[in-house]
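The structure appears right after this line, and notes come after that.
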Amino acid sequence: MSIDLVRSREFSSQLFDWVRGKGRILIVTHDNPDPDALAAAFALRHLFEVKAGLDATITFGGVIGRAENRVMVEQLEIKSVPLHSLDLDDFCVICMVDTQPGAGNNSFPVDREVHLVIDHHPLRAETQRCRWFDVREDYGASATILYEYLLCNDVYFSTKLATILFYAVKSETQDLGRDWGMADRAAYLNLLQLSNNRILFNITHAKVPADYFSLFGRALENARLYDNVLVFNLYEIPTPECVAEMADWLLRMQGVDYVLGIGRCGGRGVLSLRTSAQDAMCGSLMRSALGDLGTGGGHGMTAGGQIDPLIGDRVALQRVEQTVTQRLLQALDRPLVEGRSLVAGAA
Ligand SMILES: [Mn+2]
């Protein structure tokens, strides 16, 4: 058994000993959860049920906007309750997955106690004050940590559970191409053979509404190139995940190594940073780009950020775009060149 698996076995068995006999459990993910957050929450709830006989509720702020993720939740029956509708005093144990207390990307009140944190973002000081935390920065997905808990506790992988976890590792690491480690590879390969390939196809080929395609046009129209850095502004967006999705798409452009995207959803600024440079540190680049404007974090090749609130008209969003672009170029040690529009004829 690898060192990682021994760590997983010891941590999880001690955790279950502690949690047994406790009352209701709440599992909080980051706002607008992605497949990794949803899968980690689902697997943790399953573990509590099987190993401790306890019910847990999955919750988060925001919405699940991305078409793929909606199909995932529907077809694999991942049940959750909106955070704002809960009375938090009803819960005895609070868990966080794929996010950490005070990280800025979850809506759980910062003054409330969190008992358990399982995550793969850089460890925060607040997390170290929690009763239980297992934070592995070298893991590509939180789902991989949960996969190991299930594995070393001899929990049966139903097709549903395997498919959820597999899709999480697949999408989070872009099929082991981005911020992945050997643990993710082991999880990916093992889970693939247990997964439902028809549901996986339905998720990756989710139908999208007609106005989804207008986002591509808007991203192109408002994209500016600063040498190998591309910055785009989507302005008002229907769901926060659009920014990351467009950023992933534009990163495929030849000669572009970094993509920074901006948008606003529900009065909140949403930022996403992507790179094709394997040795980059997007999390800290995002924080440099935002400075005092907002909060952000992430991994080597991806990062997210938020400005809450982001008020004002179109010009206000353009001003934010200029500021974060300048700061990003500075952090990357690039000359502060004048950006040029990607599409001929655009502003
Ligand atoms: Mn994650």
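Things to note:
- Residues of the range 126-137 that are loosely packed, with under 15 Cβ neighbours inside 10 Å and within 16 Å of the ligand (Cβ to nearest atom): Glu137 alone.
- Any hit, the range 54-69, residues being in the same structural domain as Gln128 (by TED's automatic domain parsing), part of a helix (DSSP H, G or I) and more than 16 Å from the ligand (Cβ to nearest atom): yes
- Matching option when the condition is in contact (Cβ under 8 Å) with a residue 12 or more places away in the chain and out of contact with any helix residue (DSSP H, G or I) (no Cβ under 9 Å at 6 or more places or on another chain), among Asn153, Asn105: Asn105
- Positions within the range 77-96 being in a loop (DSSP other than H, G, I, E, B) and surrounded by fewer than 20 Cβ atoms within 10 Å (Cβ to Cβ), in sequence order: Glu77, Lys79, Ser80, Leu86, Asp87, Cys92
- From the list Arg224, Arg198, the one residue that fits, being assigned by TED's automatic domain parsing to the domain that holds Thr163 and of a type in the set (Lys, Arg), is Arg198.
- Leu123 meets the conditions (1) assigned to a loop (DSSP other than H, G, I, E, B); (2) without any contact (Cβ under 8 Å) to a residue 40 or more places away in the chain; (3) aliphatic (A, V, I, L, M); (4) buried (at least 22 other Cβ atoms within 10 Å of the Cβ) in every case but one. The failed one is (4).
- When the residues of the range 246-266 are filtered to those that are under 17 Å from Gly304 (Cβ atoms) and surrounded by fewer than 23 Cβ atoms within 10 Å (Cβ to Cβ), the one that is nearest to the chain's Cα centre (by Cα) is Asp248.
- The sole residue among Ile145, Ile118 that is closer than 20 Å to Val6 by Cα, of a type in the set (A, V, I, L, M), part of a helix (DSSP H, G or I) and in contact with a strand residue (DSSP E or B) (Cβ under 7 Å, 6 or more places away or on another chain) is Ile145.
- Only one entry in Thr99, Thr144, Thr159, Thr163 is on the phi < 0 side of the Ramachandran plot, surrounded by fewer than 15 Cβ atoms within 10 Å (Cβ to Cβ) and either more than 15 Å from the ligand (Cβ to nearest atom) or in contact (Cβ under 8 Å) with a residue 40 or more places away in the chain (or both), namely Thr159.
- Condition check for Val117: at pLDDT 95 or above, under 30 Å from Ala206 (Cα atoms), of a type in the set (A, V, I, L, M, F, W, C) and buried (at least 24 other Cβ atoms within 10 Å of the Cβ): no
- Scope the range 171-214; condition within 15 Å of the ligand (Cβ to nearest atom), in contact (Cβ under 8 Å) with a residue 40 or more places away in the chain and part of a helix (DSSP H, G or I); matching residues: Ser171, Glu172, Ala183, Asp184, Ala187
- Those residues of the range 286-311 which are touching a Lys or Arg at 6+ places or on another chain (Cβ under 8 Å), surrounded by fewer than 16 Cβ atoms within 10 Å (Cβ to Cβ) and assigned to a loop (DSSP other than H, G, I, E, B), in sequence order: Asp308, Pro309
The values are calculated or read from the model by the stated rules, or taken from the named source; none is laboratory data. Note that the coordinates shown come from a computational prediction; the quantities given were computed from them, not determined experimentally. Neighbour counts run over all protein chains shown; Cβ positions are idealised from the backbone, glycine included.
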